[in-house]
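Before any comments, here is the structure.
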Amino acid sequence: MNDISSILKIINEKKKIIITAHVNPDGDAIGSELALARYLKSIKKNVRIINFSPTAQFLQFLTPKNDELELYDSDLHQQAIAEANLIIILDLNQLSRTGSMEDPIRLSSAIKVCIDHHEFPENFADIELIDTSKSSTGELIYDLLVEANYKLDYSIALPLYVAILTDTGSFKYDRTTPKVHRIVADLLETGIDTKTVSREVYDQGTANRIQLLGRALSSLTLTCEGKVSYMIVRKSDLFETGTNEEDVEGFVNYNLTIRGVEVGLFFFELEDGLKVSFRSVEKVPVNLLAKKFNGGGHFHAAGARISGNDFELLIQNVLNETEKYFA
Ligand code: 5GP
Ligand code: MN
């Protein structure tokens with residue numbers, strides 16, 4: 001039995017299902033959750049999506065009634081997690097990526113299924129569908145729906161389209177295979193309006209966000225003879241521009257628009273340390289770099305949250321590790 005058929009078999013046997021994804025869920029996480037949950041509801045399962053973080057504004061159009069995604073509250077949800085029969089964990093493969101939901105999930109007697117496309121899995125799940133050749137978790141959910149002989153409709157195709165759109169950088173990145181385009185063609189057949197979706201996802205930011213981008217771009221610094229580019233956003237920048245963490249989505253990519261840059265870094269100050277986004281154009285495996293700081297991700301896109309109180313020193317540590325690739 002392959003992974004997908006074991007997952008469909010366990011879905012068939014279980015009734016009370018919880019779906020979750022990683023902290024600060026991106027388009028792939030939210031899109032995959034909504035598509036899977038809507039499918040499970042259509043086959044009469046009792047399903048809840050519970051996330052550690054709120055849903056970013058640019059994804060809220062996917063659930064206009066705002067009644068499908070629950071924000072984790074230990075008083076409210078700990079028991080539900082304990083009593084679930086099946087927990088499906090999407091777009092991550094290290095359970096610490098679920099924030100403080102980690103322990104309740106580990107302690108639950110529910111069967112755990114992990115569906116993901118990142119490297120270096122922790123292997124916490126009873127059943128895994130992990131395929132690093134896939135563009136997105138959304139692509140894996142699509143494969144699962146095909147195997148289940150489910151006839152796609154718009155309500156499921158739309159979140160899957162957003163999952164694939166965002167995780168491929170609008171069909172630019174590695175793993176945007178011919179098959180991805182065939183899947184997308186299939187999704188579009190249900191009536192998706194690509195222009196409207198693009199505006200919802202990419203063009204509904206605030207003027208404040210552009211002010212913040214201006215500050216981030218002004219901080220841009222090149223090192224390693226122009227092969228490494230980095231930008232910094234501090235807490236005070238958010239405060240002074242009236243923005244928040246979700247507004248920095250995508251900023252890291254500006255580093256890579258510079259000729260000769262091979263690695264782009266984005267440093268974001270947190271209450272107790274920093275979040276680093278790593279991007280690589282070609283040869284540097286940034287997931288290995290992120291792993292040195294207990295993070296992870298893909299070969300060309302990775303991230304880490306590093307705790308500590310000396311922001312400058314934490315940045316310097318990351319730059320030192322990065323520079324080793326260019327020594
Ligand atoms: P981003 O920099 O856009 O937040 O994340 C880029 C990639 O790295 C994503 O695939 C994401 O899943 C992964 N990633 C980001 N932050 C972390 C982290 O703290 N830990 C791990 N394991 N992966 C991360
Ligand atoms: Mn993903």
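The values are calculated or read from the model by the stated rules, or taken from the named source; none is laboratory data. Note that the structure is predicted; figures quoted are calculated from it, not measured. We place every Cβ from the backbone using ideal geometry, glycine too, and count neighbours over all the protein chains shown. What goes into the accessible areas is simple: the full protein's heavy atoms, side chains included, and nothing from ligands, DNA or RNA. Shrake-Rupley method; radii C 1.70, N 1.55, O 1.52, S 1.80 Å.
What the table shows:
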{"read-out": "Residue among ASP167, ASP116, ASP103, ASP143 that is among the acidic types (Asp, Glu) and open to solvent by 50 Å² or more (accessible area, probe 1.4 Å)", "value": "ASP103"}
{"read-out": "Cβ pairs under 6 Å, 6+ apart, first in the range 290-304 and outside any strand (DSSP E or B), second open to solvent by 30 Å² or more (accessible area, probe 1.4 Å)", "value": "LYS292/GLU321"}
{"read-out": "Matching residues, the range 1-24, being closer than 14 Å to ASN85 by Cα, open to solvent by less than 60 Å² (accessible area, probe 1.4 Å) and part of a loop (DSSP other than H, G, I, E, B)", "value": "LYS14"}
{"read-out": "Matching residues, the range 121-138, being in contact with a helix residue (DSSP H, G or I) (Cβ under 7 Å, 6 or more places away or on another chain), assigned to a loop (DSSP other than H, G, I, E, B) and open to solvent by 30 Å² or more (accessible area, probe 1.4 Å)", "value": "GLU122, PHE124, ASP131"}
{"read-out": "Pairs, first under 19 Å from THR168 (Cα atoms) and without any contact (Cβ under 8 Å) to a residue 40 or more places away in the chain in the range 264-285, second away from ligand 1 (no atom under 14 Å from the Cβ) and open to solvent by less than 50 Å² (accessible area, probe 1.4 Å), C-beta under 6 Å, six or more apart", "value": "GLY264/SER229"}
{"read-out": "Filter pass, ARG175 being outside any loop (DSSP other than H, G, I, E, B), of a type in the set (D, E, K, R) and either more than 20 Å from GLU262 (Cα to Cα) or touching a Ser or Thr at 6+ places or on another chain (Cβ under 9 Å) (or both)", "value": "no"}
{"read-out": "Filter result for VAL162 (modelled with pLDDT of 95 or more, within 15 Å of ligand 2 (Cβ to nearest atom) and not charged (D, E, K, R))", "value": "yes"}
{"read-out": "Search result, residues across the range 106-143 that are among the aliphatic types (A, V, I, L, M), away from ligand 2 (no atom under 15 Å from the Cβ) and under 19 Å from the mean Cα position of the chain (by Cα)", "value": "VAL113, ALA125"}
{"read-out": "Restricting the range 80-100 to residues that are among the charged types (D, E, K, R) and under 17 Å from PRO25 (Cα atoms), the residue that is surrounded by the fewest Cβ atoms within 10 Å (Cβ to Cβ)", "value": "ARG97"}
{"read-out": "Tally, over the range 29-53, of residues that are outside any loop (DSSP other than H, G, I, E, B) and touching a residue at least 40 places away in the same chain (Cβ under 8 Å)", "value": "12"}
{"read-out": "Subset tally (residues that are under 13 Å from the mean Cα position of the chain (by Cα) and polar (S, T, N, Q)) for the range 146-177", "value": "2"}
{"read-out": "Members of the range 173-211 that are within 16 Å of ligand 2 (Cβ to nearest atom) and modelled with pLDDT of 95 or more", "value": "ARG175, THR176, THR177, VAL180, ILE183, VAL184, VAL201"}
{"read-out": "Complete set of residues in the range 197-233 that are open to solvent by 70 Å² or more (accessible area, probe 1.4 Å), in a helix (DSSP H, G or I) and closer than 30 Å to TYR154 by Cβ", "value": "ARG199, TYR202"}
{"read-out": "Exclusive hit being without any contact (Cβ under 8 Å) to a residue 40 or more places away in the chain and on the phi > 0 side of the Ramachandran plot, set GLY214, GLY191", "value": "GLY191"}
{"read-out": "Among (1) more than 16 Å from ligand 2 (Cβ to nearest atom); (2) within 29 Å of ARG199 (Cβ to Cβ); (3) not charged (D, E, K, R) - the single one ILE18 does not satisfy", "value": "(2)"}
{"read-out": "Qualifying residue in the range 41-51 (condition: within 16 Å of ligand 1 (Cβ to nearest atom), surrounded by 15 or more Cβ atoms within 10 Å (Cβ to Cβ) and modelled with pLDDT of 95 or more)", "value": "yes"}
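Table: residues versus (1) at pLDDT 95 or above; (2) more than 23 Å from the chain's Cα centre (by Cα); (3) surrounded by fewer than 20 Cβ atoms within 10 Å (Cβ to Cβ); (4) within 16 Å of ligand 2 (Cβ to nearest atom).
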{"site": "VAL263", "(1), (2), (3), (4)": "yes, no, no, no"}
{"site": "VAL276", "(1), (2), (3), (4)": "yes, no, no, no"}
{"site": "ARG279", "(1), (2), (3), (4)": "yes, no, no, yes"}
{"site": "GLU312", "(1), (2), (3), (4)": "yes, yes, yes, no"}
